[in-house]
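First the structure, in the form of C-alpha coordinates, and then the observations on it.
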Amino acid sequence: MNAYQRLRAAFGRIATLNEAAAVLGWDASAMMPDGGAEARGEQVAVLAGLAHELLTAPQVAEDFAAATAPAAPWEAANFALMQEAHKRATALPQDLVEAVSRANSHCETIWRTARQTSDFALVQAPLTEVVNLARQSAEILGAALGVSPYDALLASFQRGVTAADVTPVFAEYAAFLQTALPAAEARQLANPAPAMPPGPYPEAVQEALCQHLSEAAGLDYTHARLDRSAHPFCGGTPTDVRITNRYDEADVCAALMGALHETGHGIYEQNLPAAYRRQPVGEAAGSAVHESQSLIIEMQAVRTDAY
(Lines give C-alpha, C1' and ligand atoms only; values in the text may rest on other atoms or scores of the structure.)
Protein backbone atom coordinates (compact mmCIF):
# COMPACT_ATOMS: atom_id res chain seq x y z
CA MET A 1 0.00 0.00 0.00
CA ASN A 2 1.54 3.32 -1.07
CA ALA A 3 1.14 6.68 0.66
CA TYR A 4 -1.89 7.75 -1.36
CA GLN A 5 -3.62 4.42 -0.75
CA ARG A 6 -3.02 4.82 2.99
CA LEU A 7 -4.55 8.30 2.79
CA ARG A 8 -7.54 6.84 0.98
CA ALA A 9 -8.02 4.31 3.76
CA ALA A 10 -7.70 6.97 6.46
CA PHE A 11 -10.23 9.25 4.78
CA GLY A 12 -12.60 6.31 4.43
CA ARG A 13 -12.50 5.76 8.21
CA ILE A 14 -13.02 9.48 8.85
CA ALA A 15 -16.03 9.53 6.52
CA THR A 16 -17.50 6.52 8.31
CA LEU A 17 -17.28 8.33 11.65
CA ASN A 18 -19.00 11.32 10.06
CA GLU A 19 -21.75 9.05 8.72
CA ALA A 20 -22.36 7.72 12.24
CA ALA A 21 -22.58 11.28 13.52
CA ALA A 22 -25.05 12.15 10.75
CA VAL A 23 -27.40 9.31 11.69
CA LEU A 24 -27.15 10.23 15.37
CA GLY A 25 -28.01 13.80 14.41
CA TRP A 26 -31.08 12.64 12.50
CA ASP A 27 -32.16 10.55 15.48
CA ALA A 28 -31.74 13.52 17.82
CA SER A 29 -34.14 15.55 15.70
CA ALA A 30 -36.64 12.86 14.76
CA MET A 31 -36.70 10.10 17.38
CA MET A 32 -34.67 10.79 20.51
CA PRO A 33 -36.51 11.58 23.74
CA ASP A 34 -35.81 15.03 25.17
CA GLY A 35 -33.92 13.50 28.09
CA GLY A 36 -31.29 12.07 25.77
CA ALA A 37 -30.07 15.43 24.49
CA GLU A 38 -27.10 15.92 26.81
CA ALA A 39 -25.70 12.44 26.23
CA ARG A 40 -26.29 12.72 22.48
CA GLY A 41 -24.43 16.01 22.34
CA GLU A 42 -21.44 14.35 24.00
CA GLN A 43 -21.61 11.33 21.66
CA VAL A 44 -21.55 13.49 18.56
CA ALA A 45 -18.80 15.72 19.98
CA VAL A 46 -16.59 12.70 20.67
CA LEU A 47 -17.13 11.43 17.13
CA ALA A 48 -16.17 14.86 15.78
CA GLY A 49 -13.06 14.79 17.94
CA LEU A 50 -12.12 11.29 16.79
CA ALA A 51 -12.53 12.26 13.13
CA HIS A 52 -10.33 15.32 13.73
CA GLU A 53 -7.76 13.19 15.55
CA LEU A 54 -7.56 10.76 12.63
CA LEU A 55 -7.24 13.56 10.09
CA THR A 56 -4.46 15.32 12.00
CA ALA A 57 -2.54 12.18 12.99
CA PRO A 58 1.24 12.22 12.40
CA GLN A 59 0.97 9.25 10.02
CA VAL A 60 -1.40 11.23 7.80
CA ALA A 61 1.09 14.11 7.64
CA GLU A 62 3.85 11.66 6.76
CA ASP A 63 1.73 10.14 4.01
CA PHE A 64 1.00 13.56 2.54
CA ALA A 65 4.73 14.32 2.50
CA ALA A 66 5.44 11.02 0.73
CA ALA A 67 2.51 10.95 -1.68
CA THR A 68 2.35 12.34 -5.19
CA ALA A 69 -0.82 13.34 -7.01
CA PRO A 70 -2.25 10.35 -8.95
CA ALA A 71 -2.44 10.59 -12.73
CA ALA A 72 -6.12 9.60 -12.98
CA PRO A 73 -8.28 12.78 -12.96
CA TRP A 74 -10.75 11.64 -10.28
CA GLU A 75 -7.96 10.41 -8.00
CA ALA A 76 -5.97 13.62 -8.57
CA ALA A 77 -9.02 15.68 -7.60
CA ASN A 78 -9.51 13.45 -4.56
CA PHE A 79 -5.91 14.01 -3.48
CA ALA A 80 -6.29 17.79 -3.81
CA LEU A 81 -9.44 17.75 -1.68
CA MET A 82 -7.66 15.60 0.90
CA GLN A 83 -4.88 18.18 1.11
CA GLU A 84 -7.39 20.98 1.56
CA ALA A 85 -9.23 19.10 4.32
CA HIS A 86 -5.98 18.30 6.11
CA LYS A 87 -4.80 21.91 5.98
CA ARG A 88 -8.07 23.16 7.48
CA ALA A 89 -8.14 20.47 10.17
CA THR A 90 -4.56 20.99 11.34
CA ALA A 91 -5.30 24.68 11.88
CA LEU A 92 -7.98 23.94 14.47
CA PRO A 93 -7.37 22.50 17.95
CA GLN A 94 -9.35 19.37 18.75
CA ASP A 95 -10.94 20.86 21.86
CA LEU A 96 -12.40 23.67 19.75
CA VAL A 97 -13.78 21.16 17.22
CA GLU A 98 -15.51 19.27 20.02
CA ALA A 99 -16.74 22.48 21.66
CA VAL A 100 -18.35 23.60 18.39
CA SER A 101 -20.12 20.25 18.08
CA ARG A 102 -21.41 20.38 21.67
CA ALA A 103 -22.60 23.97 21.28
CA ASN A 104 -24.44 23.21 18.04
CA SER A 105 -26.20 20.20 19.56
CA HIS A 106 -27.19 22.11 22.70
CA CYS A 107 -28.44 25.11 20.73
CA GLU A 108 -30.61 23.00 18.45
CA THR A 109 -32.13 21.21 21.45
CA ILE A 110 -33.05 24.53 23.10
CA TRP A 111 -34.29 25.94 19.78
CA ARG A 112 -36.83 23.12 19.41
CA THR A 113 -38.37 24.18 22.72
CA ALA A 114 -38.09 27.91 22.05
CA ARG A 115 -39.75 27.79 18.63
CA GLN A 116 -42.94 26.36 20.10
CA THR A 117 -43.66 29.72 21.78
CA SER A 118 -41.38 31.94 19.63
CA ASP A 119 -39.27 32.59 22.75
CA PHE A 120 -36.01 33.98 21.36
CA ALA A 121 -34.76 34.83 24.85
CA LEU A 122 -34.61 31.11 25.62
CA VAL A 123 -32.27 30.37 22.73
CA GLN A 124 -30.27 33.60 22.79
CA ALA A 125 -27.47 32.43 25.10
CA PRO A 126 -26.88 29.06 23.35
CA LEU A 127 -26.97 30.80 19.97
CA THR A 128 -24.49 33.41 21.17
CA GLU A 129 -22.12 30.61 22.14
CA VAL A 130 -22.47 29.04 18.68
CA VAL A 131 -21.71 32.37 16.99
CA ASN A 132 -18.74 33.08 19.26
CA LEU A 133 -17.21 29.67 18.58
CA ALA A 134 -17.79 30.13 14.84
CA ARG A 135 -15.98 33.47 15.00
CA GLN A 136 -13.12 31.88 16.92
CA SER A 137 -12.84 29.11 14.33
CA ALA A 138 -12.99 31.66 11.51
CA GLU A 139 -10.18 33.74 12.97
CA ILE A 140 -7.94 30.69 13.36
CA LEU A 141 -8.72 29.32 9.90
CA GLY A 142 -8.39 32.69 8.23
CA ALA A 143 -4.94 33.22 9.73
CA ALA A 144 -3.82 29.71 8.75
CA LEU A 145 -5.14 29.95 5.18
CA GLY A 146 -4.22 33.58 4.56
CA VAL A 147 -7.80 34.69 3.88
CA SER A 148 -10.44 36.72 5.69
CA PRO A 149 -12.33 34.99 8.52
CA TYR A 150 -15.53 35.15 6.47
CA ASP A 151 -13.91 33.54 3.43
CA ALA A 152 -12.45 30.85 5.68
CA LEU A 153 -15.95 29.91 6.88
CA LEU A 154 -17.55 30.33 3.46
CA ALA A 155 -15.16 27.73 2.04
CA SER A 156 -16.50 25.17 4.50
CA PHE A 157 -19.92 25.55 2.88
CA GLN A 158 -18.93 26.04 -0.77
CA ARG A 159 -15.40 25.43 -1.96
CA GLY A 160 -13.82 28.08 -4.16
CA VAL A 161 -16.38 30.79 -3.41
CA THR A 162 -15.35 34.02 -1.68
CA ALA A 163 -17.10 37.16 -0.45
CA ALA A 164 -15.80 38.90 -3.57
CA ASP A 165 -17.76 36.39 -5.67
CA VAL A 166 -20.95 36.62 -3.63
CA THR A 167 -21.18 40.38 -3.05
CA PRO A 168 -21.97 41.33 -6.69
CA VAL A 169 -24.63 38.61 -6.84
CA PHE A 170 -26.37 39.99 -3.77
CA ALA A 171 -26.09 43.53 -5.13
CA GLU A 172 -27.70 42.50 -8.42
CA TYR A 173 -30.42 40.61 -6.56
CA ALA A 174 -31.17 43.60 -4.32
CA ALA A 175 -31.58 45.84 -7.37
CA PHE A 176 -33.85 43.29 -9.03
CA LEU A 177 -36.07 42.99 -5.95
CA GLN A 178 -36.71 46.71 -5.83
CA THR A 179 -38.80 46.41 -8.98
CA ALA A 180 -39.78 42.74 -9.01
CA LEU A 181 -41.23 42.62 -5.49
CA PRO A 182 -43.72 45.49 -5.91
CA ALA A 183 -44.79 44.02 -9.27
CA ALA A 184 -45.37 40.61 -7.69
CA GLU A 185 -47.35 42.12 -4.81
CA ALA A 186 -49.50 44.12 -7.23
CA ARG A 187 -50.24 41.01 -9.27
CA GLN A 188 -51.26 39.11 -6.14
CA LEU A 189 -53.62 41.90 -5.12
CA ALA A 190 -55.17 42.02 -8.58
CA ASN A 191 -55.82 38.26 -8.79
CA PRO A 192 -57.77 35.93 -6.52
CA ALA A 193 -55.81 33.48 -4.40
CA PRO A 194 -55.59 29.94 -5.84
CA ALA A 195 -58.50 27.77 -4.82
CA MET A 196 -57.64 25.24 -2.12
CA PRO A 197 -59.69 22.11 -1.41
CA PRO A 198 -61.42 22.47 1.95
CA GLY A 199 -59.56 20.92 4.87
CA PRO A 200 -58.80 19.64 7.34
CA TYR A 201 -56.10 17.41 5.92
CA PRO A 202 -55.28 14.54 8.33
CA GLU A 203 -51.58 14.31 9.04
CA ALA A 204 -51.40 10.61 8.18
CA VAL A 205 -52.94 11.27 4.77
CA GLN A 206 -50.53 14.15 4.14
CA GLU A 207 -47.59 11.96 5.08
CA ALA A 208 -48.67 9.19 2.71
CA LEU A 209 -49.18 11.70 -0.12
CA CYS A 210 -45.78 13.28 0.54
CA GLN A 211 -44.03 9.92 0.32
CA HIS A 212 -45.96 8.99 -2.84
CA LEU A 213 -44.92 12.21 -4.59
CA SER A 214 -41.40 11.93 -3.22
CA GLU A 215 -41.07 8.47 -4.77
CA ALA A 216 -42.54 9.77 -8.02
CA ALA A 217 -39.84 12.47 -8.06
CA GLY A 218 -37.18 9.79 -7.88
CA LEU A 219 -36.21 9.14 -4.25
CA ASP A 220 -35.47 5.45 -3.73
CA TYR A 221 -37.21 4.41 -0.52
CA THR A 222 -35.31 1.14 -0.29
CA HIS A 223 -32.48 3.48 0.76
CA ALA A 224 -34.50 6.26 2.40
CA ARG A 225 -37.21 7.00 4.92
CA LEU A 226 -39.55 9.88 5.76
CA ASP A 227 -40.11 10.90 9.38
CA ARG A 228 -41.24 13.94 11.36
CA SER A 229 -39.23 16.70 13.02
CA ALA A 230 -39.62 20.29 14.21
CA HIS A 231 -38.34 21.51 10.83
CA PRO A 232 -37.85 19.56 7.59
CA PHE A 233 -34.30 18.45 6.81
CA CYS A 234 -32.33 15.81 4.93
CA GLY A 235 -29.62 13.78 6.65
CA GLY A 236 -28.17 10.31 6.77
CA THR A 237 -25.90 8.85 4.10
CA PRO A 238 -26.14 8.18 0.34
CA THR A 239 -27.43 4.64 0.91
CA ASP A 240 -29.45 5.55 4.01
CA VAL A 241 -31.10 8.91 3.32
CA ARG A 242 -33.24 10.34 6.13
CA ILE A 243 -35.67 13.11 5.23
CA THR A 244 -38.10 14.68 7.68
CA ASN A 245 -41.17 16.86 7.44
CA ARG A 246 -43.83 18.57 9.54
CA TYR A 247 -47.60 18.78 9.02
CA ASP A 248 -50.38 21.29 9.54
CA GLU A 249 -53.91 19.97 9.07
CA ALA A 250 -54.97 23.40 7.74
CA ASP A 251 -52.24 23.65 5.09
CA VAL A 252 -51.36 20.66 2.92
CA CYS A 253 -49.15 22.69 0.56
CA ALA A 254 -46.58 23.50 3.23
CA ALA A 255 -46.02 19.80 3.87
CA LEU A 256 -45.83 18.96 0.17
CA MET A 257 -43.29 21.69 -0.56
CA GLY A 258 -41.23 20.75 2.48
CA ALA A 259 -41.14 17.04 1.68
CA LEU A 260 -40.32 17.57 -1.97
CA HIS A 261 -37.61 20.11 -1.19
CA GLU A 262 -35.94 17.53 1.06
CA THR A 263 -36.54 14.91 -1.62
CA GLY A 264 -34.31 16.95 -3.94
CA HIS A 265 -31.55 16.82 -1.36
CA GLY A 266 -32.06 13.09 -0.95
CA ILE A 267 -31.99 12.37 -4.68
CA TYR A 268 -28.70 14.25 -4.95
CA GLU A 269 -27.20 12.22 -2.09
CA GLN A 270 -28.37 8.93 -3.60
CA ASN A 271 -26.75 9.79 -6.93
CA LEU A 272 -23.31 10.76 -5.67
CA PRO A 273 -20.61 8.62 -7.35
CA ALA A 274 -20.69 5.24 -5.63
CA ALA A 275 -17.17 4.38 -6.80
CA TYR A 276 -15.85 7.22 -4.61
CA ARG A 277 -18.05 6.64 -1.56
CA ARG A 278 -16.39 7.89 1.64
CA GLN A 279 -13.78 9.84 -0.33
CA PRO A 280 -13.73 13.65 -0.53
CA VAL A 281 -14.32 13.64 -4.30
CA GLY A 282 -17.40 11.47 -3.80
CA GLU A 283 -19.05 13.81 -1.31
CA ALA A 284 -21.53 16.59 -2.07
CA ALA A 285 -19.94 19.48 -3.97
CA GLY A 286 -21.07 22.06 -1.41
CA SER A 287 -24.12 23.74 0.10
CA ALA A 288 -24.88 25.86 -2.99
CA VAL A 289 -24.91 22.83 -5.27
CA HIS A 290 -26.90 20.80 -2.72
CA GLU A 291 -29.52 23.53 -2.39
CA SER A 292 -29.81 23.89 -6.15
CA GLN A 293 -30.86 20.25 -6.37
CA SER A 294 -33.60 20.62 -3.76
CA LEU A 295 -34.89 23.80 -5.41
CA ILE A 296 -35.03 22.18 -8.84
CA ILE A 297 -37.54 19.73 -7.39
CA GLU A 298 -39.47 22.16 -5.16
CA MET A 299 -39.57 25.28 -7.31
CA GLN A 300 -39.59 23.85 -10.82
CA ALA A 301 -40.60 20.20 -11.16
CA VAL A 302 -43.26 20.29 -8.46
CA ARG A 303 -44.91 23.41 -9.86
CA THR A 304 -45.61 21.86 -13.25
CA ASP A 305 -49.12 20.86 -14.30
CA ALA A 306 -48.20 17.18 -13.92
CA TYR A 307 -47.66 17.62 -10.20
- Flag for residue 238 being crowded, with 17+ Cβ neighbours inside 10 Å, over 30 Å from residue 110 (Cβ atoms) and in contact with a Lys or Arg (Cβ under 7 Å, 6 or more places away or on another chain): yes
Turns out the strands (runs of 3 or more DSSP E) fully within the stretch 221-307 with at least 3 residues that are more than 12 Å from the chain's Cα centre (by Cα) are 224-228, 240-245
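Here's the yes/no breakdown for (1) of a type in the set (Val, Ile, Thr); (2) within 29 Å of residue 31 (Cα to Cα); (3) not assigned by TED's automatic domain parsing to the domain that holds residue 32:
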| residue | (1), (2), (3) |
| --- | --- |
| 58 | no, no, no |
| 66 | no, no, no |
| 102 | no, yes, no |
| 109 | yes, yes, no |
| 114 | no, yes, no |
Result of the Cβ filter at 8 Å on the stretch 210-229, keeping first residues that are of a type in the set (D, E, K, R) and partners that are surrounded by 14 or more Cβ atoms within 10 Å (Cβ to Cβ) and part of a loop (DSSP other than H, G, I, E, B), at least 6 apart or interchain, is 228/246; 228/247
For the stretch 159-177, pairs from a residue that is surrounded by 10 or more Cβ atoms within 10 Å (Cβ to Cβ) to a residue that is of a type in the set (Ser, Thr, Tyr), with Cβ under 6 Å and 6 or more apart or across chains, are 163/150
Given the condition farther than 27 Å from residue 57 by Cα and either more than 20 Å from the chain's Cα centre (by Cα) or among the β-branched types (Val, Ile, Thr) (or both), answer yes or no: does some residue in the stretch 105-112 qualify?
yes
If you go through 37, 22, 51, the only one that is part of a helix (DSSP H, G or I), touching a residue at least 12 places away in the same chain (Cβ under 8 Å), under 30 Å from residue 5 (Cβ atoms) and in contact with a helix residue (DSSP H, G or I) (Cβ under 9 Å, 6 or more places away or on another chain) is 51
Review point. Mind checking whether some residue in the stretch 276-286 is within 29 Å of residue 202 (Cβ to Cβ), of a type outside the set (Val, Ile, Thr) and touching a Ser or Thr at 6+ places or on another chain (Cβ under 8 Å)?
Key: no
Being at negative phi, of a type in the set (A, V, I, L, M, F, W, C) and out of contact with any helix residue (DSSP H, G or I) (no Cβ under 9 Å at 6 or more places or on another chain) narrows 250, 259 down to just 250
Worksheet item: Would you say residue 30 is farther than 22 Å from residue 75 by Cα and not aromatic (Phe, Trp, Tyr)?
Response: yes
When every residue in the stretch 20-57 that is among the charged types (D, E, K, R) and out of contact with any Asp or Glu (no Cβ under 8 Å at 6 or more places or on another chain) is compared, the one surrounded by the fewest Cβ atoms within 10 Å (Cβ to Cβ) is 34
Turns out the helices (runs of 4 or more DSSP H) fully within the stretch 95-202 with at least 3 residues that are under 30 Å from residue 253 (Cβ atoms) are 120-145, 163-190
### Message
For the structure I just gave you, tell me whether residue 304 is within 15 Å of residue 216 (Cα to Cα), in contact with a Leu (Cβ under 8 Å, 6 or more places away or on another chain) and of a type in the set (Val, Ile, Thr).
### Response
no
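The values are calculated or read from the model by the stated rules, or taken from the named source; none is laboratory data. Owing to the predicted nature of the structure, the values given are computational and were not obtained by experimental measurement. Every residue, glycine among them, receives a Cβ derived from its backbone with ideal geometry; neighbour counts consider all protein chains shown.
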